[in-house]
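S.K.: Let me begin by handing over the structure; questions about it come next.
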Amino acid sequence: MVVLHRRTGIVSVATLSGLALAVGLTHVIAPEWSRSTGLDVWNYTDMEAQYRDDKSRLQDEMKIEETLSYQISLSDHITTELIEGRLSFSEAVDEIEYINRERVGFEESLRVTFRPSTHRERLALYTLTKARRMLDHDPSAQVVVMARLEAEYQAMTGRPAQDL
């Protein structure tokens with residue numbers, strides 16, 4: 001009976017040694033594959049540092065996404081207030097400009113999408129477009145509200161709104 005335990009122990013040690021040798025040889029023969037499958041356990045500190053960097057980057061991206069979502073939500077709220085007549089067109093444009101002032105890529109996007117010469121005119125066209133889209137579900141209200149907003153745009157800029 002004692003011999004059986006020793007054989008089992010010898011077999012276990014031999015198996016463990018064989019596995020360690022196989023992992024080591026795998027790293028020598030195919031280091032990229034070994035790394036990608038996580039078999040290079042001796043690089044734990046490097047992997048841990050990479051994990052911390054990835055986690056930090058993910059947290060930064062989540063903060064950016066949260067901020068963007070908040071800015072869009074506030075812009076939607078301001079546009080709703082405009083549509084319902086609780087804000088003038090000029091006030092809504094001012095609010096949307098303030099909300100999105102620090103929004104990553106917003107100004108560049110406006111510049112590409114809307115061609116008027118001033119930033120304020122681009123913001124005004126953005127606001128008109130946002131209002132039109134929010135009213136897509138109600139075509140009759142869209143006609144009435146957009147006529148009012150386009151008149152306010154023309155009064156503010158001195159020229160008619162371009163085709164949106």
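S.K.: On the basis of being exposed (fewer than 10 other Cβ atoms within 10 Å of the Cβ) and at pLDDT below 75, does MET47 make the cut? Quick ask: steps written out before the conclusion?
M.R.: Working: exposed (fewer than 10 other Cβ atoms within 10 Å of the Cβ): no; at pLDDT below 75: yes.
Spelling it out, it is not the case that MET47 is exposed (fewer than 10 other Cβ atoms within 10 Å of the Cβ) and at pLDDT below 75.
S.K.: Among the listed residues GLU121, GLU95, identify the single one that is at negative phi, surrounded by 13 or more Cβ atoms within 10 Å (Cβ to Cβ), in the same structural domain as ASP60 (by TED's automatic domain parsing) and in contact with a Ser or Thr (Cβ under 6 Å, 6 or more places away or on another chain).
M.R.: On the way: GLU95 fails: in contact with a Ser or Thr (Cβ under 6 Å, 6 or more places away or on another chain).
Result: GLU121 is the single residue among GLU121, GLU95 that is at negative phi, surrounded by 13 or more Cβ atoms within 10 Å (Cβ to Cβ), in the same structural domain as ASP60 (by TED's automatic domain parsing) and in contact with a Ser or Thr (Cβ under 6 Å, 6 or more places away or on another chain).
S.K.: Inspect segment 129-139 for any residue being among the small types (Gly, Ala, Ser) and without any contact (Cβ under 8 Å) to a residue 40 or more places away in the chain and give the result as yes or no. Walk me through it before giving the result.
M.R.: Going through segment 129-139, the residues among the small types (Gly, Ala, Ser) turn out to be 131.
Restricting the remaining residues to those that are without any contact (Cβ under 8 Å) to a residue 40 or more places away in the chain gives none.
No, that holds for no residue.
The values are calculated or read from the model by the stated rules, or taken from the named source; none is laboratory data. For clarity, every value in this text was computed on a predicted model and none was experimentally measured. Don't worry about glycine lacking a Cβ; one is built from the backbone with ideal geometry, like all the others, and counts go over all protein chains shown.
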